[in-house]
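Encoded as structure tokens, the structure appears first; notes follow it.
Each value in this text was obtained by applying a stated rule to the coordinates, not by laboratory testing. Keep in mind it's a predicted model, so treat the numbers as computed, not measured. In this analysis, Cβ positions are derived from the backbone assuming ideal geometry, glycine residues included, and neighbour counts consider all displayed protein chains.
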Amino acid sequence: MGYPNRGEGAFQETENMRSEDLMALYRSCQLCPRRCRVNRVEGERGYCREAAEMRVALVEPHFGEEPPFTGTKGSGTVFFSGCSLRCRYCQNYQISMEGLGRDWSVEELSVKILELKEWAGIHNVNFVTPDHFFPHTVMVVSRLRESGFQEPVIYNLSGYQAKKSLALIEPCADIYLPDFKYGDSALAEALSRAADYPEVALEAISEMVRQKGFLDPWPDCADQIEPFPETAKSGVLVRHLVLPGHIANSRKALTMLYAEFGPGLPLSLMSQYTPPKPGLPGELSRPVKKEEFLAVLEYAMELGFRRILYQPLDSEWPGEPERPFLPDFTRERPFAGNVRNRAQR
């Protein structure tokens, strides 16, 4: 089973793919760059540790994303179980590595998203780490569009994506929200078993930008009190998480992004790293220091990036946990920050 060709006919071809054809992509799975070629339909599991049943851990309005996506009513996030990258420090390790979640049908997930739009007014649907379930997401988006759902569809990705798989979802995606985690291939191998991450992710993000351009809208005036008067409709925003003790990696990653895309690339610098569990190696056992994060932020500005969002390190959540968006998926409501925002609306 091949992938649809890119270009003008891609939407028509993907739209016309039957569910049987989409499910056939799991029979010798090459959806991610690891290309395990296992038969997930028969229950075999590759690096992502998932078979061909779509498994989801959480569906709810989320307030921990960047302002262009969260808005005032939240982003309709779908947290998928399993992961094709499985970083050692993943804050979602309970679902990405420990397998929390349950099977959902395409119809069940589509109905849930439509319900979120009706009662919560979500600004978008946000597929979090979905690449090992791309065929299912194509079916879900088709159902949503048939039902009149017009909000943007976000693909929230690790950056470690196969270019052919991005062609599959091109007609479905409105916004790409990829990470660019590593400029250092040795660090990528040590923490994610992906020494080829820098070149693979750079090629993948280049394809995303080719498809959708940079994030739109983005305010012309950086000094606006309310910098995002409306939520994003299309385009690409690249995230980079600053890891404690690895400032050189961040600088290398930013240099690569600047060389490839120039100063206009929308960039989100993240300070949120907190050890999600004990036993992590070296300096990953502590939070990122303020001076480390500021050094990376200053470097991004020195390079010339003009469109930067960043997370302040000081807590803005009095009476709440220091990191309200560090999840615990064993709880009914994994994100304390979501509970707080919902109560305030």
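With neighbours defined as other Cβ atoms within 10 Å of a residue's Cβ, the residues VAL128, VAL111, VAL209 order from fewest to most as VAL111, VAL209, VAL128.
Would you mind estimating how fast the range 8-135 diffuses translationally, via Stokes-Einstein at 4 °C and 1.567 mPa s with the Kirkwood radius over Cα pairs, in µm²/s?
Roughly 82 µm²/s, to the nearest whole number.
Once backbone amide H atoms are built at 1.01 Å from N, VAL78 has ASN126, PHE127, VAL128 as its partners under 5 Å, excluding neighbours fewer than 5 places away on the same chain. For the range 177-182, the Karplus equation 6.51 cos²θ - 1.76 cosθ + 1.60, evaluated at θ = phi - 60°, returns couplings of 10, x, 7, 10, 7, 9 Hz by residue, with Gly and Pro reported as x. Taking Lys and Arg as +1 and Asp and Glu as -1, the other residues whose beta-carbon sits under 9 Å from that of LEU241 total +1. From the largest down, the chain spans 52, 45, 41 angstrom on the principal axes of its Cα atoms. Between GLU146 and ARG210, the simple spin-label model (points 7 angstrom out along Cα→Cβ) gives 3.1 nm. Only helical runs count toward this figure. For the chain, summing -39,500 (n - 2.57) over DSSP H runs of n ≥ 4 and dividing by all residues gives -10000 deg cm²/dmol at 222 nm. Backbone amide hydrogens, once placed in the peptide plane, bring TYR310 within less than 5 Å of LEU269, excluding anything fewer than 5 places away on its chain.
Proximity of backbone amide H atoms, modeled 1.01 Å from N, is registered between SER234 and ASP216 at under 5 Å, excluding neighbours fewer than 5 places apart on the same chain. Counted over the chain, the DSSP beta bridges are approximately 30% antiparallel.
How would you rank THR255, THR129, THR72, THR231, going from fewest to most other Cβ atoms within 10 Å of each one's own Cβ?
The most exposed by this proxy come first: THR72, THR255, THR231, THR129.
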